[in-house]
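The values are calculated or read from the model by the stated rules, or taken from the named source; none is laboratory data. From a predicted model like this one, the values you see are computed outputs, not experimental measurements. Please note: Cβ atoms are built from the backbone with ideal geometry, for glycine as well, and neighbour counts cover all protein chains shown.
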Amino acid sequence: MTAIRIDNLTCAFGELRAVDGISATIDHGELFTLLGPSGCGKTTLLRSIAGFNDVTSGSIWLGDKRIDSLPAHQRNIGMVFQNYAIFPNLNVADNVAYGLRARRVPAAEIATRVEKALQRVRLEGYGARWPHQMSGGQLQRVAIARALVIEPAVLLFDEPLSNLDAQLRTEMRVEIRRLQQSLGLTAVYVTHDQEEALAISDRIAVLRGGRIEQVGTPEDIYRQPKTPFVASFLGGTNMLSGVAGAFDGAATPVETCGVTIAVPGRIAEAGSKVLLSVRPEALRVADAGSGMRLTARLVLREFLGQIQRLHAELPDGTPLRVSTLGAAAVGVQEGASLALAYDPAQIVAFPAP
Ligand code: ATP
């Protein structure tokens, strides 16, 4: 069931098309993330759904109602902002009550709904506190309660965690996800943080230059990137350029950076230029039984607890990142040669642009 439909939407600021002909559908109860680098248009798209931005052309639908020319307060959409946008001169309860007062809901009903919203974000009993008495994480929860209290059809999140420290960020994203799932909320979530997007979303749209580059589940986007941009943006892959050799019935050998990598399937005509995405975790330090191998030089080892990140160099000097578990390669000196095995199934080939 479609909750939101965006049809060929363009939002221009003068000559600049911040959103450039985007179409997408978002299902009921889905958390749909807009992911992309700074300036790709994700905030502009979110604000145009909220009604804070004029739309240049195209349409936005909530169910079967066209909303793109309605004023923001008539759209039944809640929004949680990056900077919380909490009023410092109102206590927590009055902050949460704000949208209900604006809608002239009777006072008795306001009190019950505010308390229920505060319970949902685990802030029951905090109504009389002042914003300056709350931590960053608590303020973000007040902001979520304030958006939830109007019982919106859709909740929009604009980089809601970027003002929190790293640990709180990972805790709050679990909290947001659980709340969204337990209430069956339809949510559109903006972030430039690929790990956050992978962790929290039902589906992700990767944006670039005002357009959607790919839409899919986190697994799809990560494992089957359709473009080199998507592959690079998610997971800091090794992007290697090379030349395809002749298909041998099972795999196509690719000469790249002084090594040969066998990529399953017929990926390109012999002699054509290709780009290979080789994820750091598709590589491991080879043992005697390892099949597909390549040789690199170990430059630097970073011990990160559960994993090690190895910074290596291919024969032509191209850097290669490797993520391995545990104590792999501990016996290898920095500067020495390193045999790496790779999982051909985790290598994705693209035609070179
Ligand atoms: P960030 O992660 O940095 O917030 P974003 O992906 O959300 O980036 P937008 O804020 O949507 O990107 O901006 C997209 C493009 O539109 C940028 O080039 C930006 O400079 C431009 N832009 C955004 N708002 C306006 C405006 N009000 N007037 C003119 N240009 C704007």
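Can you tell me which of Ser38, Ser57 is at pLDDT 95 or above and either out of contact with any helix residue (DSSP H, G or I) (no Cβ under 8 Å at 6 or more places or on another chain) or within 27 Å of Ile176 (Cα to Cα) (or both)?
Going through Ser38, Ser57 in turn, just one is at pLDDT 95 or above and either out of contact with any helix residue (DSSP H, G or I) (no Cβ under 8 Å at 6 or more places or on another chain) or within 27 Å of Ile176 (Cα to Cα) (or both): Ser57.
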Search result, residues across region 152-203 that are more than 16 Å from the ligand (Cβ to nearest atom) and of a type in the set (Val, Ile, Thr): Val154, Thr170, Val174, Ile176, Thr186, Ile200
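In this structure, does Leu314 turn out to be surrounded by 12 or more Cβ atoms within 10 Å (Cβ to Cβ), at pLDDT 85 or above and out of contact with any helix residue (DSSP H, G or I) (no Cβ under 8 Å at 6 or more places or on another chain)?
Here the answer is yes, as Leu314 does meet what is asked.
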Tally up the residues in region 239-257 that are at positive phi and exposed (fewer than 15 other Cβ atoms within 10 Å of the Cβ), please. 1
Quick one: how many residues across region 11-53 are within 12 Å of the ligand (Cβ to nearest atom), among the hydroxyl-bearing types (Ser, Thr, Tyr) and buried (at least 17 other Cβ atoms within 10 Å of the Cβ)? 3
Close pairs from region 46-57: first within 11 Å of Met79 (Cα to Cα), partner polar (S, T, N, Q), Cβ under 6 Å, at least 6 apart: Arg47/Asn53
Considering region 54-65, residues that are more than 15 Å from the ligand (Cβ to nearest atom) and part of a loop (DSSP other than H, G, I, E, B), and then whichever is nearest to Val188 (Cα to Cα), we arrive at Gly63
In region 96-111, is there at least one residue being in a loop (DSSP other than H, G, I, E, B) and of a type in the set (Val, Ile, Thr)? yes
